[in-house]
Amino acid sequence: MKKIVFFGSPPSALPSLKKILEAGHTIELVITQPDKPSGRGKKLTPSAVKKFANALNIPYYQPLRIRKDLKTLEKIKKVYPDLNVVVAYGQIIPSSIIYFPKYNSLNLHFSLLPKYRGAAPVQWALLRGETKTGVTIFELNEKMDEGDILSQEEFEILPGERAGELEARLAQKGAELLLDTIAKIDKIKHLHQDHSQATYAPRLRKEDGKIRWEKDAFSIERQVRAFYPWPSAFAFLGEKRIKILKGRNITLSAETCSSPGEIFGIKKEGIEVCCAGRSAFLIEELQPENRNLMNAYAFSLGASIKPGNLFT
């Protein structure tokens, strides 16, 4: 059994943290992000990992900037771990911490490295229309997601699967692979990444979610899936900002579309919107500004939406 310092912050890190404990390893210390403002009241909210650590009385520490925080290394030296495990922590870790434990530091990444290095690998896999993705356990070094691969597993992306759903599935699968990798840490082979094959997945911005209806419906469907649940794809209906949370491209049997963004049909399945290249997008779920998620058809009735209205 190993003594481990665990680095992680969002819910996607929890399956790995739980699996490590269930396997009998000890979590000596948790390093997680500082509490952040959340909601309309901007109330300081702890990370999912901090909440979990608190509930189990696991010591935790929240450095504001870990690269400049000398206390982090001091705390790690006191527990003298066999291994650091990093899952969606959210900061770049300095080499003094990476290489301190006997087995250095392992990172679970939600892509098939060297593809989609960076902060948003699940989202970019969906945006690029990938049909497969996976999880990678690699050894950290000083560069972003460039360390040696220790284990890797590939999975199909399910039809209609959105980023939140895919990430949750990969978090579970990755936790299982992580546990297996830790068990074999003494004899596992290191595989150098082929840096010439690297692609990148930079952090998403809220403004990147703006739907441009002059694109084809396939691209818009990928955008809606990739941006759920955050930061959400969106469009404007008049002056109202509408989050588009679920939908799909649909086949047109005739030339029913004219202007991109124009609503040409309303049915119980949702709202039909014209896109580029004689394609169309069916909005199934949405969220009007300052309101809850709702069925698109129900929204159309309450808001008196009609064919000919225009999304911008």
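A quick yes/no check of all residues on (1) exposed (fewer than 14 other Cβ atoms within 10 Å of the Cβ); (2) farther than 18 Å from Trp230 by Cβ:
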position: Val5; (1), (2): no, yes
position: Ala13; (1), (2): no, no
position: Glu22; (1), (2): yes, yes
position: Thr26; (1), (2): no, yes
position: Leu29; (1), (2): no, yes
position: Gly39; (1), (2): yes, no
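Within region 248-264, does at least one residue satisfy the condition of being touching a residue at least 24 places away in the same chain (Cβ under 8 Å), within 20 Å of Glu130 (Cβ to Cβ) and in contact with a helix residue (DSSP H, G or I) (Cβ under 9 Å, 6 or more places away or on another chain)?
There is at least one residue in region 248-264 that is touching a residue at least 24 places away in the same chain (Cβ under 8 Å), within 20 Å of Glu130 (Cβ to Cβ) and in contact with a helix residue (DSSP H, G or I) (Cβ under 9 Å, 6 or more places away or on another chain).
So the check is Cβ under 6 Å with 6+ separation or different chains; which pairs have a first residue in region 29-43 that's in the same structural domain as Ile93 (by TED's automatic domain parsing) and a second one that's surrounded by 12 or more Cβ atoms within 10 Å (Cβ to Cβ) and small (Gly, Ala, Ser)?
Close Cβ pairs satisfying both conditions: Val30/Ala53; Thr32/Ser9; Thr32/Ser47; Gln33/Ser9; Gln33/Ser47; Gln33/Gly90.
Given the conditions (1) under 30 Å from Glu156 (Cβ atoms); (2) modelled with pLDDT of 95 or more, and given that Ala55 satisfies all but one, which numbered condition is not satisfied?
Unmet condition: (1).
It is to be established whether one or more residues within region 214-222 are in a helix (DSSP H, G or I), crowded, with 17+ Cβ neighbours inside 10 Å and β-branched (Val, Ile, Thr).
yes
When Leu301 is evaluated against the numbered criteria (1) free of Cβ contacts under 8 Å to residues at least 60 places away in the same chain; (2) in contact with a strand residue (DSSP E or B) (Cβ under 8 Å, 6 or more places away or on another chain); (3) more than 23 Å from Glu165 (Cα to Cα), which criterion, by number, is the only one it fails?
The failed condition is (2).
Would you say Thr45 is closer than 22 Å to Tyr103 by Cα, hydroxyl-bearing (Ser, Thr, Tyr) and out of contact with any helix residue (DSSP H, G or I) (no Cβ under 6 Å at 6 or more places or on another chain)?
no
Please go through region 145-170 and give me each residue that is of a type outside the set (S, T, N, Q), in contact (Cβ under 8 Å) with a residue 24 or more places away in the chain and either closer than 21 Å to Tyr103 by Cβ or assigned to a strand (DSSP E or B) (or both), ordered by number.
If the condition is that a residue be of a type outside the set (S, T, N, Q), in contact (Cβ under 8 Å) with a residue 24 or more places away in the chain and either closer than 21 Å to Tyr103 by Cβ or assigned to a strand (DSSP E or B) (or both), then Asp145, Glu146, Gly147, Asp148, Ile149, Leu150, Glu153, Glu154, Glu156 are the ones that fit.
I need the full set of residues from region 197-213 which are part of a helix (DSSP H, G or I) and either in contact (Cβ under 8 Å) with a residue 12 or more places away in the chain or crowded, with 17+ Cβ neighbours inside 10 Å (or both), in order please.
Gln197, Lys206, Asp208, Gly209
Check region 82-91 and report whether any residue there is exposed (fewer than 13 other Cβ atoms within 10 Å of the Cβ) and outside any strand (DSSP E or B).
Checking region 82-91: not a single residue is exposed (fewer than 13 other Cβ atoms within 10 Å of the Cβ) and outside any strand (DSSP E or B).
Checking Asn249 against (1) closer than 21 Å to Ala163 by Cβ; (2) in contact with a Cys (Cβ under 7 Å, 6 or more places away or on another chain), which test does it fail?
Just one mismatch for Asn249, condition (2).
Which one of these does Asn57 not meet: (1) in a loop (DSSP other than H, G, I, E, B); (2) within 16 Å of Gly8 (Cβ to Cβ)?
(2) is the only condition that Asn57 fails.
I'm checking my understanding of the structure. Among residues of region 60-74 that are touching a residue at least 24 places away in the same chain (Cβ under 8 Å) and surrounded by 14 or more Cβ atoms within 10 Å (Cβ to Cβ), which one is nearest to Glu22 (Cα to Cα)?
Tyr60
For region 15-53, which residues satisfy the criterion of being of a type outside the set (D, E, K, R), in contact with a Phe, Trp or Tyr (Cβ under 8 Å, 6 or more places away or on another chain) and closer than 30 Å to Asn290 by Cα?
Answer for region 15-53, where residues must be of a type outside the set (D, E, K, R), in contact with a Phe, Trp or Tyr (Cβ under 8 Å, 6 or more places away or on another chain) and closer than 30 Å to Asn290 by Cα: Gln33, Val49.
Within region 291-303, identify whether any single residue is assigned to a strand (DSSP E or B), under 29 Å from Gly39 (Cβ atoms) and not hydrophobic (A, V, I, L, M, F, W, C), and answer yes or no. Even if it seems obvious, please write down each step before you answer.
Quick first cut of region 291-303, residues assigned to a strand (DSSP E or B) only: 294-295.
In the following step, the residues that additionally are under 29 Å from Gly39 (Cβ atoms) were identified as 294-295.
Next cut, not hydrophobic (A, V, I, L, M, F, W, C) only: 295.
Within region 291-303, one or more residues are assigned to a strand (DSSP E or B), under 29 Å from Gly39 (Cβ atoms) and not hydrophobic (A, V, I, L, M, F, W, C).
The values are calculated or read from the model by the stated rules, or taken from the named source; none is laboratory data. Keep in mind that this is a model prediction, so the values were computed, not measured. For neighbour counting, all protein chains shown are included, and Cβ atoms are generated from backbone atoms with ideal geometry for every residue, glycine included.
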